Structure formats: C-alpha cells, structure tokens
Amino acid sequence: MSRKDPVATVIDRKRRRCTFALGLTPLASALGPWANAFAQSGAAYPNPGRPITLICPWTAGGPTDVVFRALADAMSRALGNQRIIIENKGGAGGALGAQYIAQQGNADGYLLSQTPLGVFRLPFLTKTSFHPINDLTYILCVAGYNFGLNVRSDSPWKTWKEFVADAKANPNKIRYGSPGIGTSLHVTMEDLAQREGAQWVHVPYKGSAGSTAALMGGEVDAMAGSPPWGLVESGKVRVLNTWSANRPKRAPDAPTLKEIYGIVANSPWGIAGPKGMDPRIVKVLHDATRKAMDDANFLQVLDRVGQEVYYMDGNAYTQFARHALEKEREAVERLGLATKS
C-alpha cells in the first residue's frame, strides 16, 4: 500500500481551499455591499435561510397593506431575493406593530414594523408597555399618507362648508368612520370639530378597508382617510377636503386644510426595529429599503393609493420621532383625549 507524499498532501489541501474561495467570489459579487456588511465580525446578514418579518399594523387589503407588500417585494430583490413576510397586526391606532417588536427584545434585524404617527400618540391615550423613543431603533422614513374627508356621491353634502353647517345645526347626527381611535384621522377630525364648534360621532374600525366598506354600506355618513381613488374616479365617492399641502391631481376641486385652516395633516411613516440594533444591520436595511423606494412598481402602487415618498434617514427619522412625541402629547391634551389614569 503506497503512502502519499506529505508535501503533495499539503499542496492539495491549499489547492482545495483556494478552489473553494474562488467558488464564493461570484456569490459575493452578486450580493454586493451586503455580502461584506459583517466581514470583520464573521457574521452574515441577512441569512438567506431565515425570513425577515415586517409587521403591518393595519388590516389586510387596506392602502398601507398594499403599499407595504409592494415595498417588501422590492426590498426582497434589493437583498438578493431574501424572503420577507408581511404580518398584519391591526389596532391601537397603528401602534400594535411597534409595541410588539419592542416587547420581543430581539434586535437581530429579522423583526421590523411600520411606524405611523399613532406610535407617538398612543402613550398619551392609554397606558403602554413600551416607549416610542427608548425601545425602538428607527431605520428610515419611507412615505406619507395623503388624507381627506370622503362621502358617498349621493350624500347631501357637496362641499366641506355644507358638511360643517349641517354638523353645527344637528349636533352628533353625522357619523364618520376612521381606521381607529387615536389615529391621525381621529385626532384631526376632533381638532376640526373643536375649531368649528361642531359635533360629530366617531366610529372606529381596525383599518381603512373597514371604514371604506362602512361608508359604502351606509354604516357611516363619511370616512376620514386616504381617498379611495378607484371609487372617486368611478363617481361613487366625493372628496370634501384634503389634508396634504397641495390639492391632489385626482381631486382638484377639493380644498386643503391648509387653505381653510392653515394646517397640514399628512402623516409620514417609516420602518423601525427593536432597540439596540447593530448599526451595520441598520445600514443594510436602510440601503435596501432606500433602493426599494425607487422601484417602479412600488412607486406606482404608492401613487394609486394617494401616498407620496417622504424620505428621512435613520438619524433624521429619530429626531422626527422625538419631535412627534412632544407634538402628539400637546395635541392629545389640548383635545381632551389624554388618559385620565
């Protein structure tokens, strides 16, 4: 039985290591900057075998759900076809997702949530088990809602002035739906009622899909939310006012709150993870999401539901969060919505 030359054995081992390394080169090149994100630590993120979960804190089928799924699809491709799962957790004015990820305490980058303005309002509406600043890592701001007050086309109100006049003449007669208690829509409608000295009845649902269905089914007289543009364009819904800085092209005759009251009530939203996330993971997610925000299909879906890109990087978004927390506290207290306990 022959024995292999020891020198030849060493050379053969080195050759195999070299061949293995060369075999990885095309994969590393394909993954680009994400392949090297943890080169120094020896870790890899994201792990292709482990999906990333994005919490959508609204019901399935609503405008945010549709947009979030389009964003997740583009993010997946930006991360080298990483699997991304959307999980719906509607309720609490859109704050359930942030509360959920804050309580999990695992900051490895595989559990994230959308963060609407309701996240910064919830602590002043009720007792919460998390702090919007201390318990979250803000990755970036993605887009902003463009809201409005919507009625069926067969309603008696052709204008916002007529709606307000009727509400003043008949207190608590008009019922309006929103995606939930404590949402920007609920708070803004209460603000408008206070400004006008009017009274209307708020009927909360778990998301825009529910409040839109309630409007069309006659359960409510009006709906505060993103205008259902398909129904607007088909002539079934009329937009009485809009809440962004400029009149939307699909409703050029609807005045903005800025024109009427000098206020803008659009609602930026972004993505956050639990506190203590590794800055390198945050950068990977930021860069992939920022790339996804330029995706043609995502932009098309965003336009279809009446939202706009509203980008802030992690640092700017964190500062925005701090400012929003104080602003929402003031609004909740001024409107008498603050928790009494």
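No lab work stands behind these numbers, since they all come straight from the coordinates. Given the structure is predicted, the values throughout are model-derived calculations rather than measurements. Note that each Cβ is placed from the backbone with ideal geometry, even for glycine, and that neighbours are counted across all protein chains shown.
Specify the angular offset, from 0 to 90 degrees and rounded to the nearest 10, of the alpha carbon long axis of helix 160-169 from the longest principal axis of the alpha carbons in the chain.
60 degrees
If the reach is capped at under 28 angstrom between alpha carbons, list the lysines near Lys291, excluding any in the same chain fewer than eight residues apart.
Lys89, Lys249, Lys275, Lys283
Find out how many positive minus negative residues lie around Arg280, taking Lys and Arg as positive, Asp and Glu as negative, among other residues whose Cβ is under 13 Å from that of Arg280.
Overall, the nearby charge balance is -2.
Net charge within 13 Å of Gln103 by Cβ-Cβ distance, Lys/Arg positive one each and Asp/Glu negative one each, not counting Gln103 itself?
Computed value for this residue: +1.
Angle check, please: helix 208-217 long axis (alpha carbons) against the longest principal axis of the chain (alpha carbons), in degrees 0 to 90, nearest 10.
Roughly 40 degrees, rounded to the nearest 10.
Fewest to most neighbouring Cβ within 10 Å: what's the order for Leu335, Leu54?
Leu335, Leu54
How many angstrom lie between the Cα centre of the range 196-235 and the Cα centre of the range 111-175?
12 Å
Based on Cβ point charges of +1 for Lys and Arg and -1 for Asp and Glu, what charge dipole magnitude is obtained for the range 286-331 about its Cα centre, in debye rounded to the nearest 20?
80 debye
Placing +1 on the Cβ of each Lys and Arg and -1 on the Cβ of each Asp and Glu in the chain, which of Gly80, Met277, Tyr310 has its Cα farthest towards the positive end of the resulting dipole?
After comparing all options, I get Gly80.
Which residue, Ile52, Gly197, Leu325, has the largest displacement toward the positive end of the dipole of the chain when charges sit on each Cβ (Lys, Arg +1; Asp, Glu -1)?
Checked the options; the winner is Ile52.
Can you list the aspartates and glutamates whose alpha carbon sits under 13 Å from that of Lys236, skipping same-chain ones fewer than 8 residues off?
Asp154
Only Cα pairs under 8 Å and at least 6 apart count here; give the relative contact order of the chain as a rounded whole percent.
Taking the mean separation of contacting Cα pairs over the length of the chain, I get 25 percent.
Classify the range 186-274: rounded, prolate or oblate, from the alpha-carbon gyration tensor (a ≥ b ≥ c, eigenvalue square roots; a/c under 1.5 rounded; otherwise prolate if a/b is larger than b/c)?
Verdict is rounded for the range 186-274.
Quote to one decimal, in nm, the extra length available between Val201 and Ile260 on full extension: 0.36 nm per residue of separation minus the C-alpha distance between them. Let's see the in-between values first.
Working: separation 59, 0.36 × 59 = 21.24 nm, distance 2.19 nm.
Extending this stretch completely gives an extra 19.1 nm.
Over the chain, what is the percentage of antiparallel beta bridges among all DSSP beta bridges, to the nearest 5?
60 percent
Using θ = phi - 60° and the Karplus form 6.51 cos²θ - 1.76 cosθ + 1.60, what ³J(HN,Hα) does each residue of the range 90-105 get, whole Hz, x for Gly and Pro?
x, x, 6, x, x, 9, 5, x, 5, 4, 5, 5, 5, 6, 5, x
Quick one: give the max-minus-min coordinate of the C-alpha atoms of the chain along each principal axis, largest first, in Å.
106, 47, 32
Under 5 Å between amide H atoms, partner at least 5 residues away or on a different chain: which partners does Val237 have, H built in plane at 1.01 Å?
Ser153, Val232
Specify whether the C-alpha gyration tensor of the range 201-243 places it in the rounded, prolate or oblate class, a ≥ b ≥ c being the square roots of the eigenvalues: rounded for a/c under 1.5, otherwise prolate if a/b is larger than b/c and oblate if not.
Because a/c hits 1.5 or more and a/b exceeds b/c, the range 201-243 counts as prolate.
Using the Cα atoms as the points, what is the convex hull volume per residue of the range 203-341 in Å³? The partial results should precede the final answer.
Values: hull volume 23.1 nm³, N = 139.
Spelled out: Cα convex hull of the range 203-341, divided by residues, is 166 Å³.
For the chain, what does -39500 (n - 2.57) per DSSP helix run (n ≥ 4), summed and divided by total residues, give at 222 nm, in deg cm²/dmol to the nearest 500?
Counting only the DSSP helices, I get -13500 deg cm²/dmol.
Quick one: 3J(HN,Hα) in Hz for the range 115-123, Karplus 6.51/-1.76/1.60 with θ = phi - 60°, rounded, Gly and Pro as x.
With the stated coefficients, the range 115-123 comes to 10, x, 4, x, 4, 7, 9, 4, x Hz.
Given a Förster radius of 25 Å and the C-beta distance between Lys291 and Glu233 as r, what FRET efficiency does 1/(1 + (r/R0)^6) yield to the nearest 0.05?
0.20
For Ile139, Ile181, what ranking results if the residue with the fewest other Cβ atoms within 10 Å of its Cβ goes first? The partial results should precede the final answer.
Details: Ile139 27, Ile181 18.
Lowest to highest Cβ neighbour count: Ile181, Ile139.
Starting from 0 in steps of 10 Å, tell me what percent of the Cα-Cα pairs of the range 138-183 lands in each bin.
Once binned at 10 Å, the Cα pair distances of the range 138-183 give 19, 40, 25, 11, 5.
Just to confirm the number: angle between the C-alpha axis of helix 63-78 and the first principal axis of the chain, 0 to 90 degrees, nearest 10?
Relative to the chain, helix 63-78 is tipped by roughly 20 degrees.
Quick one: which residues, 5+ away or cross-chain, put their amide H under 5 Å from the amide H of Thr115? H built at 1.01 Å from N.
Those lying under 5 Å, H to H, from Thr115 are Gly270, Ile271, Ala272.
What percent do you get for the relative contact order of the range 148-261 when only Cα pairs under 8 Å and 6+ apart count? Each step should come with its number before you reach the end.
Values: 188 pairs, mean separation 40.3, N = 114.
Worked out over the range 148-261, it gives 35 percent.
Mind giving me the FRET efficiency for Glu308 and Ser129? R0 is 30 Å, r the Cβ-Cβ distance, nearest 0.05 is fine.
0.35
Given a Förster radius of 25 Å and the C-beta distance between Lys275 and Leu335 as r, what FRET efficiency does 1/(1 + (r/R0)^6) yield to the nearest 0.05?
Using R0 = 25 Å, I get an efficiency of 0.25.
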